[in-house]
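Visitor: First the structure, then my questions, so here it is.
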Amino acid sequence: MKISVIIVTQNRNVQLKRCILSLINGTIIPHEIIVIDNNSTDDTNEVMQNLIRRYPQVNITYMLEPKIGISYARNTGLKKASGNIIAFTDDDCIVHKYWVVNIIKAHKKYRDYVAIGGLTLNYKNTVISSIFDAFRQFWTYEAAINQINRADVFLKEFDVISLATQNISYKKNRIKCLRFNEELTVTEAVDFSWQILKRSGKILYNNKMIVYHEYSNRILVLTKKFFIYGWFIFLLKQHAIQKNYLPKRKKKLISNILIPYNVFLYIKRNKLLCLILIMYTFLVYSVGYALVFSSGKYRTALKRISNYF
């Protein structure tokens, strides 16, 4: 199998270089690495040209997508990719050395699945990023929409209805007619997954496909992200239930509050700070999650977002 890895980047030349080197240093180098530059103003071009000269044996393609928007850039990558498996990761991620190997193994084993994604772990083990990552693991749209019990994430493989694009792969011949929705600025990965489901495709979560994601240490940045997550999770979850992508069922509280071991260590060492961060994160997220319902604009907002699907 030939693997094409697509990375969209904008003004993250340091993280991008680190991501590409993790792919080059893996046990298997991808058939091609496609970098789509979404109008960077930093030294991304210089960094890429240096990498291309330094590793002539690696098939690295560097392209510019002038239209600003993650979906525009990803669609440009889809058009360029020549491998029979197309994988996505983010420019601020580091892939595990067996990432490509496990993508190949998974697609050979599960031939009837269109998309296979994996486990994303926190790269920077700082107090703030670890606490926010814990809530990301519990409460983002991957967990909310898929109704995943967090204890299972590290242990199992199972069917899902959506996965994030920092760690996912697709069979090219099954997504030829699909494109990322260029009208969406967030949740475009959910939309792409649901396009697959509408065509009777299946999506698998595989815990052996591992990438490490760098989360911001800036509380204001994370606050904005969690507020947006809360707003859209509420809308998307209701839409998924209406479309019968999700059954109406109660969550298992006990299995959803298990905390990853590295987060537990920080809580143990910094009890007061972590308690404040947990309460703060939960409050911000909850406000975003509940805003549509409490404002009385739920039906209008749901109807607007449903038009995208």
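Visitor: With r as the distance between the Cβ atoms of Lys198 and Asn84 and R0 = 35 Å, compute the FRET efficiency 1/(1 + (r/R0)^6) and round to 0.05.
Guide: On the way: r = 23 Å, r/R0 = 0.64.
Computed FRET efficiency for Asn84 and Lys198 comes out at 0.95.
Visitor: Between the range 12-54 and the range 68-90, what is the C-alpha centre distance in whole Å?
Guide: 15
Visitor: When the Karplus curve 6.51 cos²θ - 1.76 cosθ + 1.60 is applied with θ = phi - 60°, which whole-Hz ³J(HN,Hα) does each residue of the range 170-184 get, with x for Gly and Pro?
Guide: Along the range 170-184, the couplings run 10, 7, 4, 5, 9, 10, 4, 8, 9, 9, 5, 5, 7, 8, 9 Hz.
Visitor: Could you give the length gained by full extension between Met1 and Ile68, i.e. 0.36 nm per residue of separation minus their alpha carbon distance, to one decimal place?
Guide: Computed gain between Met1 and Ile68 is 20.9 nm.
Visitor: Moving on to the next point. Quick one: of Lys67/Lys105; Lys2/Lys208; Lys17/Lys202, which pairs are farther than 30 Å apart, Cα to Cα?
Guide: With Cα atoms farther than 30 Å apart: Lys67/Lys105; Lys17/Lys202.
Visitor: Still on this model: Name the residue from Ile29, Leu51, Ile7 whose Cα lies farthest towards the positive end of the charge dipole of the range 1-94, charges +1 on Cβ of Lys and Arg and -1 on Cβ of Asp and Glu.
Guide: Checked the options; the winner is Ile29.
Visitor: For a paramagnetic label modelled at 7 Å from the Cα of Asn45 toward its Cβ, which residues of the range 1-15 fall within the zone defined by backbone nitrogen distances under 16 Å?
Guide: Flagged as within label range: 9-13.
Visitor: I've got another one for you. Using a cut-off of under 19 Å, list every residue of the range 1-26 whose amide N is near the label point 7 Å from the Cα of Val58 along the Cα-to-beta-carbon line.
Guide: Output list for this probe position: 2-26.
Visitor: Something else: What Kirkwood hydrodynamic radius, in Å, does the range 1-70 give when the mean of 1/r is taken over all pairs of distinct Cα atoms and then inverted?
Guide: Final number for the Kirkwood radius of the range 1-70 is 12.3 Å.
Visitor: If R0 is 30 Å, what FRET efficiency do you get for Ile28 and Lys124 from their C-beta distance, rounded to 0.05? Write down the numbers at each step before the final one.
Guide: Values: r = 27 Å, r/R0 = 0.88.
That gives a FRET efficiency of 0.70.
Every number here is computed from the coordinates shown, using simple stated rules; none is lab data. The structure displayed is predicted, hence computed values, not measured ones. Here Cβ is always computed from backbone atoms with ideal geometry, including for glycine, and neighbour counts include all displayed protein chains.
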